[in-house]
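Asker: Pasting a structure below so you can have a look.
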There are 6 protein chains.
Amino acid sequence: MRIKIINPNTSSSMTERIGLYARRFAAPGTDTVAVSPDFGPPSIEGYYDEALAVPGLLAEIRRGEAEQFDGYVIACCGDPGLFAARELARGPVVGIAEAAMHFASVVAPGFSVVTTLARTCGMAWHLAEIYGMKRFCRNVRAVEIPVLDLSDAKVAPLLIEECRRALIEDGAGAIVLGCAGMVDLCETISSEIGAPVVDGVTAAVKFVESLVALGLSTSKRGDYASPLPKKYLGLLAGMSPT
Amino acid sequence: MRIKIINPNTSSSMTERIGLYARRFAAPGTDTVAVSPDFGPPSIEGYYDEALAVPGLLAEIRRGEAEQFDGYVIACCGDPGLFAARELARGPVVGIAEAAMHFASVVAPGFSVVTTLARTCGMAWHLAEIYGMKRFCRNVRAVEIPVLDLSDAKVAPLLIEECRRALIEDGAGAIVLGCAGMVDLCETISSEIGAPVVDGVTAAVKFVESLVALGLSTSKRGDYASPLPKKYLGLLAGMSPT
Amino acid sequence: MRIKIINPNTSSSMTERIGLYARRFAAPGTDTVAVSPDFGPPSIEGYYDEALAVPGLLAEIRRGEAEQFDGYVIACCGDPGLFAARELARGPVVGIAEAAMHFASVVAPGFSVVTTLARTCGMAWHLAEIYGMKRFCRNVRAVEIPVLDLSDAKVAPLLIEECRRALIEDGAGAIVLGCAGMVDLCETISSEIGAPVVDGVTAAVKFVESLVALGLSTSKRGDYASPLPKKYLGLLAGMSPT
Amino acid sequence: MRIKIINPNTSSSMTERIGLYARRFAAPGTDTVAVSPDFGPPSIEGYYDEALAVPGLLAEIRRGEAEQFDGYVIACCGDPGLFAARELARGPVVGIAEAAMHFASVVAPGFSVVTTLARTCGMAWHLAEIYGMKRFCRNVRAVEIPVLDLSDAKVAPLLIEECRRALIEDGAGAIVLGCAGMVDLCETISSEIGAPVVDGVTAAVKFVESLVALGLSTSKRGDYASPLPKKYLGLLAGMSPT
Amino acid sequence: MRIKIINPNTSSSMTERIGLYARRFAAPGTDTVAVSPDFGPPSIEGYYDEALAVPGLLAEIRRGEAEQFDGYVIACCGDPGLFAARELARGPVVGIAEAAMHFASVVAPGFSVVTTLARTCGMAWHLAEIYGMKRFCRNVRAVEIPVLDLSDAKVAPLLIEECRRALIEDGAGAIVLGCAGMVDLCETISSEIGAPVVDGVTAAVKFVESLVALGLSTSKRGDYASPLPKKYLGLLAGMSPT
Amino acid sequence: MRIKIINPNTSSSMTERIGLYARRFAAPGTDTVAVSPDFGPPSIEGYYDEALAVPGLLAEIRRGEAEQFDGYVIACCGDPGLFAARELARGPVVGIAEAAMHFASVVAPGFSVVTTLARTCGMAWHLAEIYGMKRFCRNVRAVEIPVLDLSDAKVAPLLIEECRRALIEDGAGAIVLGCAGMVDLCETISSEIGAPVVDGVTAAVKFVESLVALGLSTSKRGDYASPLPKKYLGLLAGMSPT
């Protein structure tokens, strides 16, 4: 089985970190490939960044279909372009917020999301809603660290502190990490706070792996039907559906 | 007051029709300009089309800010890129589905949306939900006519028939037209079925006009704060926030 | 176009203030008339006051229909008698809480209502619910000032302070003023707190103006059908539907 | 214990029927009195009728407080003036739709309401929502018989037929009768359809009886606090809160 | 009329206290019997305890049917086995949380539940949801006292203190006691805090009494149909439905 | 990794079928064991059956903990005893309805459940709600075949027919099989109807496998904390928590 993991921002160091953990958690027999688009924003910190990350992400899905991947992970916690990607893909496409929230809802009566910037908290709430996970989401908290500063050594203590507060103040039983860039901190945080911490990247790899193993692909009935063929104009003409 | 109306698809005949009706309904003292992006899909009939229409739309919002427009209308019934556009704009940005649903909820206890293709019904339901209009939305119905065939003479009778069914079968008291391309049929349908029919294009023009007259601009606290400055890579580099 | 604005309490000084701002925000070509009923409570500070304000309000709607008004504003933040008024009126009828909440939901991801007495907070929550605006309503706050004391000079600083708290503590991006009597403070508060503040009176005038311009009247299918003719007994016999 | 049952319309034959069944179901030691207001509409078939029935109803609650009643039933299925009445009353006030829905939700997984005119179905849905009973309410059906024609012999078969349809088509396990005027048909319908049928009048009598026996009165903290004293003007001056 | 009250834990002192108050609040003509199962947990403080209390409870319902009881109260605030019990019983079966929440929702705009252990708060929220009472439930609070220590003299002041906090901090207008073992403290607490306090045991007795008086039994259409006859294996073979 | 799959009914032929498919879909390195309790109902077709299946199921979880299993599947579509099982288990516990609904919500915009008896449809709706999956659940349909007759050759065509109807009439994009006993029909149905069909048994095996691989166990903060030690009486004394 081959799974393509797309980090929708263009920061390759982050993509490498993502790829490393994807490989570590993939089952024997699962090949994972982690890529970034070759155009778009270096980090996604708002709706505008997100909107402009999506074309690059979709280009990777298209390439992935040509390369016959069995499934896809969208490795950004806003799950950008998820539904559009499902129109393109035969196999399953899972967002990392989606996978993390689903899994968290099963190991605890409620979870809190701990994310980067406060301006993206609304996005997390919105995703919780559309995935049906709002009833489990106790709170969305931000540590106010930009996405690309997450690898700084000072970040772990701040995240641990915020996660502890989530357990106590929100009554959360588990934590969902709100950014793909936190993938390497998951284990540390979990053992520090003594509660399940769900990282979306590794969660989504297992989620897609499961779906593929079960033979479940994206339903082409209704919303996720393939794009209708038409000619796009100008800059994005190369992405016209055929 | 100057309002920019952006048809996010690249079909100029549709943009002209939109512009005509915008001007007709604008108050004295309101200048409206209707444009299409110079790149992207010729029609929006799914999530993929929508995702690839958004960059062109946002480019028009950016240009609009440079030109000091007071407000914007997004003239496609999926309201693509609405939140991203709000990050860019000082003034209000309103989607045509948004405006039409708000107004319909005030003139009737419930409305049905009548749209083009069944594959986009899910989008309309989703918008109804995020605008708080789900409690008013009795049904979303499709006549299975592609967006660019709406100007065909055979369309009006089909739409009228479907709207009649909505009144009777759904218990709707009003109709929301589900595509900007239906703007010229609004009056005819309303007089045929004897119930309020809300076209989003004209509704959104009045909605934005009202907000501007009231001095209400997009709040920069929280989700709609301006994009953080950063360098985008490749194809979309020209759209980097500064 | 002629719009009748009905302050459902009998306090004429408040009606004058309302009328002044209605005229100031009305478009050229819109005539507004602001009136109070000639019977009922001098201020509305609970369900009982509200219930007894409604007959006087409805009498004004009846008169308005005879005088061929094109639309109506109910200028009290409990939006009393709104549905009954819609049964009487051909044109649109809009409540000021309704208009303010709709507009606020478009310029910010969430708003807080700041109102007079805590005992009326439940009403505001209830209205937010029936208009579909609960998902945008972050909080309803009271400054504990009686309606008729709002013109006191000491009120503005208290309101500004409470609005500031709403932005910070509730994460609101905009404020909805919870009483028609605050109409003259809207601009001051907005410039003090640096965020959109929506006054219902002026919002509702623009809302009705828009509906009338769009040719949208109250649907007579379903709940808002005209009252069935019958003879009322005693005190209210003069209000029997004919 | 003394319970006052107020039929908010002025039709005394209906009040008598209500009084008869109230007495029949009251426990030993419970005195019930059924009254109509001396002003207002003869039947309630819409929001306008309802709004103009409320003052008369509230006058009866005021009188009831002077006469030291222990609790009140509002015997119209729109539960008009319920919250205003609670501001006036020390003891509990229960609407007949409220009591019937509560009881029905306990004897079946879901119920349908069968009411008089289709134009009042929206009201029933609204009440189901504010009482938390929407999740149990499978449907609201109308037989299109005016309230004052319910005593006609032809009515029972029509109601039985509609109730049967509700069981089969809606998957309802119980029926809530949607009008106080159906009180005398409850037993017949139930034995005909072989499922629980809840009449609101008798249900509300038992509900109030229970609350009074438990020593539960209307909480004066928050929304149901007594009306603030003030002078009303004109026609309704006699109803000023003191 | 004969009502069987089943305390689903095996602690007979608690059962006696429950029986005492049931008799005290029952109407003349109502016989109440309070029992405990002869097997199962001595107190219910979590889902596991609850699951293992249910068989004993259901054995008592079966016996009750043989003894022709008219209705049943499940006297534990988790309302364990409620739906299973309804499959067995002809007459109504009411849980004490259910009855208390229903009644509280009618005497105040909102209530808080004050219960024993924090680990059971989730249960109370869940019940509030399935009964439609979530919209009235302001908060669920725990005093962290084990169920069997409730008779300790030190408990009353702690409960009073927590109830006071609920009124102020949660904006609750009434209190629902979260454990059958608090039945004897209801009056004291209410008079101390000056707001309605609803004890579930006495509430449920009145609730069942009302349903029986109204002739309402459990609907056998749908979910509560009698168990299908089959042979159970081993330990619970004696409980096979016949 | 070792996963224990508990069929909560005592029918060993069904357990064998479940075990077969569990093994077939388990990853290399995952050992699965399928068992039935040694007491309780032979099939679960209502709340009463379910309640009496739970003690046997919990006995198997206890045994499983002693045997150091890493995770558990509850292989009945009512997901009986799920929360109680989570109190006992260190590792994750997943219900088959839970897993199937989660996975279905990711491969299609909506699913329908196709189950055995109509009397259990309410259960499926209830589970959809508590898992947050109600927004994806288009319908729950029953073929009216008892659980133990599912192996009959006549069943497959009936199920296929009902699934087809679900796609067309409910607008479902995927199907969730509503009974563990349908596990062997999943592939056939899917290829016949041309849409994803999710069987809960195999779904739950992959779900638990993923959680264990991710190092996620049941959070012991809050509702799922271990049962408090106490002595149970009589028949179930052997199950007292220690």
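Asker: Inter-copy label distances at F:Glu169, 7 Å along the Cα→beta-carbon direction, one decimal in nm, shortest first?
Answerer: 1.5, 1.5, 5.1, 5.1, 5.3
Asker: Another question, if that's okay. Remind me, relative contact order of the range F:110-153 in percent, using alpha carbon pairs under 8 angstrom and six or more residues apart?
Answerer: 55 percent
Asker: Once you list every other residue whose beta carbon is under 14 Å from the beta carbon of B:Glu50, what net charge do they have if Lys and Arg are +1 and Asp and Glu are -1?
Answerer: -3
Asker: Here is a follow-up. Rg/Rh for the range D:141-242: what does it come to with C-alpha atoms and Rh from Kirkwood?
Answerer: Computed over Cα atoms, the ratio is 1.16.
Asker: Reachable lysines from A:Lys231, Cα under 26 Å, same-chain residues fewer than 8 places away excluded?
Answerer: The reachable lysines, counting only those whose Cα sits under 26 Å from A:Lys231, are A:Lys220, B:Lys4, B:Lys154.
Asker: Could you give each residue of the range D:105-118 its phi-based ³J(HN,Hα) in whole Hz, using Karplus coefficients 6.51, -1.76, 1.60 with θ = phi - 60°, and x for Gly or Pro?
Answerer: 5, 9, 9, 8, x, x, 10, 10, 9, 10, 10, 7, 9, 4
Asker: Could you tell me the center-to-center distance, by alpha carbons, between the range D:122-167 and the range B:175-222 in angstrom?
Answerer: 36 Å
Asker: Two-decimal Rg/Rh of the protein assembly as shown from alpha-carbon positions, Kirkwood Rh?
Answerer: Taking Rh as the inverse mean 1/r over Cα pairs, Rg/Rh reads 0.95.
Asker: Could you list C:Ser112, C:Ser43, E:Ser11 in order of exposure, starting from the residue whose Cβ has the fewest other Cβ atoms within 10 Å?
Answerer: E:Ser11, C:Ser43, C:Ser112
Asker: List F:Thr188, F:Thr242, A:Thr10, B:Thr116 from most exposed to least, where exposure is judged by having the fewest other Cβ atoms within 10 Å.
Answerer: Fewest to most other Cβ atoms nearby, the residues stand as F:Thr242, F:Thr188, A:Thr10, B:Thr116.
Asker: What number, in percent, do you get for the relative contact order of the range B:15-158 if the mean sequence gap of Cα pairs under 8 Å and at least 6 apart is divided by its residue count?
Answerer: Relative contact order of the range B:15-158: 18 percent.
Asker: May I ask you to list the GluC sites (Glu not before Pro) in the range A:15-75 that are in a DSSP loop and have at most 12 other Cβ atoms within 10 Å of their Cβ?
Answerer: Of the GluC sites (Glu not before Pro), the ones in loops of the range A:15-75 whose Cβ has at most 12 other Cβ atoms within 10 Å are A:Glu67.
Asker: What number, in percent, do you get for the relative contact order of chain B if the mean sequence gap of Cα pairs under 8 Å and at least 6 apart is divided by its residue count?
Answerer: 22 percent
Asker: Using the number of other C-beta atoms within 10 angstrom as an exposure proxy, rank A:Cys77, A:Cys186 with the fewest first.
Answerer: Final ranking by Cβ density, sparse to dense: A:Cys186, A:Cys77.
Asker: Another question about this same structure. How compact and how long is chain C, expressed as Rg and Dmax of its alpha-carbon atoms in Å?
Answerer: 17.2, 54
Asker: Something else about it: Name the long-range amide H neighbours of D:Leu233: under 5 Å, sequence gap of 5 or more, or other chain; modelled H, no Pro or chain starts.
Answerer: Correct list: C:Gly40.
Asker: Pop out the ³J(HN,Hα) list for the range C:180-186 in order, Karplus 6.51 cos²θ - 1.76 cosθ + 1.60 with θ = phi - 60°, rounded to Hz; leave Gly and Pro as x.
Answerer: Going residue by residue, I get 4, x, 9, 3, 7, 9, 4 Hz, with x marking Gly and Pro.
Asker: Would you list, by chain and number, the aspartates and glutamates whose Cα falls below 17 Å from the Cα of F:Lys134, excluding same-chain residues fewer than 8 positions away?
Answerer: A:Glu98, A:Glu129, B:Glu129, E:Glu129, F:Asp79, F:Glu98, F:Asp170
Asker: Would you grab the residues whose amide H sits under 5 Å from the one on D:Val197? Only those 5+ places off in sequence or on another chain, please, with H modelled 1.01 Å from N.
Answerer: Under 5 Å from the amide H of D:Val197: D:Ile175.
Asker: Counting Lys and Arg as +1 and Asp and Glu as -1, each charge on the Cβ, what is the dipole of the range D:49-207 about the Cα centre in debye, to the nearest 20?
Answerer: Charge dipole, the range D:49-207, about its Cα centre: 400 debye, nearest 20.
Asker: Connecting C-alpha atoms closer than 10 Å in a GNM of chain E, tell me which of E:Leu20, E:Leu214, E:Leu127 has the biggest fluctuation.
Answerer: E:Leu214
Asker: Can you give me the angle between helix D:155-169 and the longest principal axis of chain D, using Cα atoms only, in degrees from 0 to 90, rounded to the nearest 10?
Answerer: 70 degrees
Asker: Counting DSSP beta bridges with both partners in the protein assembly as shown, what percentage is antiparallel, nearest 5?
Answerer: Percent antiparallel among DSSP bridges in the protein assembly as shown is about 5.
Asker: Continuing with the same structure: How large is ³J(HN,Hα) for each residue in the range E:89-98, as worked out from phi by the Karplus curve 6.51 cos²θ - 1.76 cosθ + 1.60 (θ = phi - 60°), to whole Hz, x for Gly and Pro?
Answerer: 8, 6, x, x, 10, 10, x, 6, 5, 4
Asker: Can you show me the helix-derived [θ] at 222 nm for chain A, built from DSSP H runs with n ≥ 4 at -39,500 (n - 2.57) apiece and divided by the number of residues, rounded to the nearest 500.
Answerer: Dividing the helical sum by the residues of chain A leaves -13000 deg cm²/dmol.
Asker: Next question, about the same structure. Kindly give the distances from B:Asp184 to its copy-mates, label point to label point, with each label point 7 Å from Cα along Cα→Cβ, as nm values to one decimal ordered shortest first.
Answerer: 5.1, 6.0, 6.4, 6.4, 8.4
Asker: While we're here: Look at the axis of the rotation that sends chain E onto chain B, then give the chain E residue with the nearest Cβ and the distance in whole Å.
Answerer: E:Arg135, 7
Asker: Quick one: Cα convex hull volume of the range A:1-49, Å³ per residue?
Answerer: Convex hull of Cα atoms, per residue: 75 Å³.
Asker: Search the structure for amide H atoms under 5 Å from the amide H of C:Ala142, placed 1.01 Å from N in the peptide plane, and list their residues when 5 or more places away or on another chain.
Answerer: Under 5 Å from the amide H of C:Ala142 lie the amide H atoms of C:Thr115, each far enough along the sequence or on another chain.
Asker: With springs connecting C-alpha atoms under 10 Å apart, model chain A as a Gaussian network and identify which of A:Ile74, A:Ile193, A:Ile175 has the largest mean-square fluctuation.
Answerer: In this elastic network of chain A, the residue with the biggest mean-square fluctuation among A:Ile74, A:Ile193, A:Ile175 is A:Ile193.
Asker: Can I ask one more? Determine by what factor the alpha-carbon radius of gyration of the range E:127-186 differs from 2.2 N^0.38 Å, reporting the quotient.
Answerer: 1.17
Asker: Just to confirm the numbers: D:Leu20, label point 7 angstrom along the Cα-Cβ line, distances to the other copies in nm, shortest first?
Answerer: List, nearest first: 4.7, 6.2, 6.8, 6.8, 8.6 nm.
Asker: With the cut-off at 1.5 for a/c, could you classify the range C:97-199 from its C-alpha gyration tensor as rounded, prolate or oblate?
Answerer: Verdict is oblate for the range C:97-199.
Each value in this text was obtained by applying a stated rule to the coordinates, not by laboratory testing. For clarity, every value in this text was computed on a predicted model and none was experimentally measured. Cβ coordinates were reconstructed from backbone atoms using ideal geometry, including for glycine residues, and neighbour counts include every protein chain displayed.
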